[in-house]
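The values are calculated or read from the model by the stated rules, or taken from the named source; none is laboratory data. Remember, predicted model here, so these are calculated numbers, not experimental data. Here the Cβ is made from the backbone with ideal geometry for all residues, glycine too, and neighbour counts use every protein chain on show.
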Amino acid sequence: MNPPTNSPRPAMPADVAAPAPTAAIAALVQWFEHLTPASVPELHQFYALDARFKDPFNDVKGLPAIEAIFMHMFVALVAPRFVVTGQVVQGAQCFLTWEFRFGFRNFHQGREQVILGASHLLFDGAGKVQLHRDYWDAAEELYEKLPVVGSVMRWLKRRANS
């Protein structure tokens with residue numbers, strides 16, 4: 001049986017009207033993959049002034065708060081970088097899959113860490129990111145890699161799976 005064709009779709013913000021611009025997405029991916037402390041202030045070229053950013057640790061609104069998160073990444077980690085591995089665009093939305101590669105400052109010296117994740121981007125009518133939401137498993141991708149916390153997390157995971 002086919003699903004009904006008149007089922008309601010989730011409501012989109014009123015200012016999201018046009019499809020996500022392909023050139024803007026390509027430029028944004030390029031920016032993410034070459035992000036440095038010096039390029040963080042270029043965020044305004046891609047994000048709306050009142051954009052929202054949410055990930056497992058942050059939920060902020062506005063360019064200054066989003067810039068602060070990216071700047072902190074360079075202070076807290078060694079050589080952080082994103083590698084975009086895929087993208088899907090539908091209307092005013094874009095979904096990027098990525099690898100976040102970095103080193104810890106205080107332990108695992110010299111060992112590159114990798115977090116696998118995805119970003120849901122919603123573009124406004126001006127072609128700028130209005131919503132950026134990152135999805136990744138903090139327990140598996142981060143906590144299990146930490147020395148003390150990691151052993152507890154791995155033990156809990158084994159217990160839950162037995």
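Things worth noting here:
- Filter result for the condition that a residue is in contact with a strand residue (DSSP E or B) (Cβ under 8 Å, 6 or more places away or on another chain), of a type in the set (A, V, I, L, M) and at pLDDT below 95, over V78, V29, V60: V78
- Counted residues, the stretch 78-113 - those being more than 25 Å from A23 (Cβ to Cβ), surrounded by 14 or more Cβ atoms within 10 Å (Cβ to Cβ) and over 16 Å from the mean Cα position of the chain (by Cα): 5
- Some residue of the stretch 100-118 being in contact with a helix residue (DSSP H, G or I) (Cβ under 9 Å, 6 or more places away or on another chain) and within 15 Å of L28 (Cα to Cα): no
- Count - residues of the stretch 49-77 that are part of a strand (DSSP E or B), under 22 Å from D137 (Cβ atoms) and in contact (Cβ under 8 Å) with a residue 12 or more places away in the chain: 4
- Listed conditions (1) closer than 20 Å to F102 by Cβ; (2) crowded, with 17+ Cβ neighbours inside 10 Å; (3) not basic (K, R) are all met by Y47, apart from (1).
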